[in-house]
Structures are given as structure tokens and as C-alpha cells.
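Here the structure comes first, spelled out in C-alpha cells, and everything after it is commentary.
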Amino acid sequence: MERTLVLLKPGAVQRGYIGEIITRFEKKGLKLVGAKMMNLNDEILNEHYAHLADKAFFNDLKSFMKSNPVIALCWEGLDAVSVVRRICGTTNSRDAELGTIRGDLGMSGSANLVHASDILDNAKVEIKRFFLPEELFSYEMAFCNFLYSTDEISQ
Ligand code: UDP
Ligand code: MG
């Protein structure tokens, strides 16, 4: 099973979509193994968005991410990284497919409600960036035999 990081960005918190967004991941069958509200600072944002440091929107993006608390979530499941990315939709909410979080709930390419790790290697780094080991939980889902086949459970 993979684990991946999701951030509910300030827009999701302000607009009252925390429950709506968490419900979408839950309904899909992803297991929540970590959750916390936090204020982000320049140190963590410079790391998290290092790949965007040369972009004109970098400072605006950081200011936006600091404007309100965010909710950090860690989700677990088979192929969780790609499944979660597809549930979120493409970066620009106006282009994102209907049925996705961004496509259904957003209008912005910047204030696009959620962050989700893009590949497994980055998910591993990002989970460590936002969670201490003791803030992540391992537990059995009682109904996992109905969610996955025996073969899938062992992956
Ligand atoms: N972003 C932005 N303007 C852009 C592209 C990206 O403000 O033209 C922001 C947006 O909030 C996005 C984040 O930068 O979610 C990270 O960009 P990335 O390309 O990694 O997109 P994502 O992985 O979030 O879809
Ligand atoms: Mg990204």
C-alpha cells in the first residue's frame, strides 16, 4: 500500500469544504492515517514549493498558503498517490474535469483547494515534511476484504 500527502489549502478551510473534501477520499476507500491543522511558515513552504522558486507567482503562492491554517492529511491505499491525484483533478480548477475536487469546487489555478503529492518518491518526502512519525497511525480497516481482493490487500 502507498501513502500520500494531501493539504487542504486556505481556500478549502475558509469556504467550509473540509468535510466535503475529506468525504470524497473516504468514500473512495482511502484510509486516513494522519490529520492535523497547522499554520505554514516560509521555511516549510520554501521546501515544499522549491520546484516553483523561479516562478513569478511564487511569493503570492506562499502568502496565500500562510493566510489561513491548512489541514494536512495522510491517506493510505493501493496506488494511493495516483488515485488521490485523479480525485483532485488538474492544477487549474477551471480546466479540471467535473467530478474532481478542483473541477467541482474551484475557479482558480492558484487557489485550487488542495495539494496532493505527484509521485511516490515525493510523497515519502512530503509526508515526513508535515508529520512526525508518532502523528501517523497504522490500523486495520474492518471491511478491507470488501474493498480489495485478497491479492490486492497483500500489495
Ligand atoms: N500555481 C499557481 N500558478 C500556476 C501554477 C501553479 O499559483 O500557474 C500554484 C497552485 O496552487 C499549484 C501549486 O502552485 O497547486 C503547485 O504547482 P504544481 O505545478 O506542483 O501543481 P499541482 O501539483 O498542485 O497540481
Ligand atoms: Mg505539485
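Under the definition of Cα pairs under 8 Å and six or more residues apart, what whole-number percent is the relative contact order of the range 11-96?
Numbers: 60 pairs, mean separation 36.3, N = 86.
RCO, the range 11-96: 42 percent.
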### Query
Quick one: length gained pulling residue 58 to residue 150 fully straight, 0.36 nm per residue minus the C-alpha distance?
28.6 nm
### Query
In terms of the Cα gyration tensor, with a ≥ b ≥ c the square roots of its eigenvalues, is the range 76-152 rounded because a/c is under 1.5, prolate because a/b exceeds b/c, or oblate?
oblate
### Task
Give the carbon-plus-sulfur fraction of the accessible surface of the chain in %, rounded to a whole number; probe 1.4 Å, heavy atoms of protein chains only.
52
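Too long at a 22 Å Cα-Cα cut-off: which of 31/62; 9/55; 62/128?
Numbers: 31/62 29 Å; 9/55 19 Å; 62/128 20 Å.
Correct reply: 31/62.
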### Message
Pairs of alpha-carbon atoms within less than 8 angstrom and 6+ residues apart define the contacts here; what relative contact order does the range 39-155 have, in percent?
### Response
19
### Query
According to the Cα gyration tensor, what semi-axes, each the square root of 5 times an eigenvalue, does the equivalent ellipsoid of the range 41-110 have, listed from largest to smallest in whole Å?
23, 17, 12
### Query
Once both labels are modelled 7 Å past Cα along the beta-carbon direction, what's the residue 98-residue 124 spacing in nm?
4.0
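Which order do the peptides 81-88, 104-111, 144-151 come out in when sorted by mean C-beta neighbours inside 10 angstrom, highest first? Kindly include the intermediate steps, with their values, before the conclusion.
Numbers: 81-88: 19.6, 104-111: 16.5, 144-151: 10.8.
The peptides rank, most packed first, as 81-88, 104-111, 144-151.
Based on the Kirkwood radius over alpha-carbon pairs, what value in µm²/s does the Stokes-Einstein equation return for the translational diffusion coefficient of the range 1-125 at 4 °C and 1.567 mPa s?
Details: Rh = 14.6 Å.
It comes out at roughly 89 µm²/s.
The values are calculated or read from the model by the stated rules, or taken from the named source; none is laboratory data. From a predicted model like this one, the values you see are computed outputs, not experimental measurements. Because the Cβ atoms are built from the backbone with ideal geometry, glycine has one as well, and the counts that use them run over all protein chains shown. Each accessible area value is taken on the protein alone, full model and side chains, heavy atoms only, with ligands, DNA and RNA left out. Shrake-Rupley method; radii C 1.70, N 1.55, O 1.52, S 1.80 Å.
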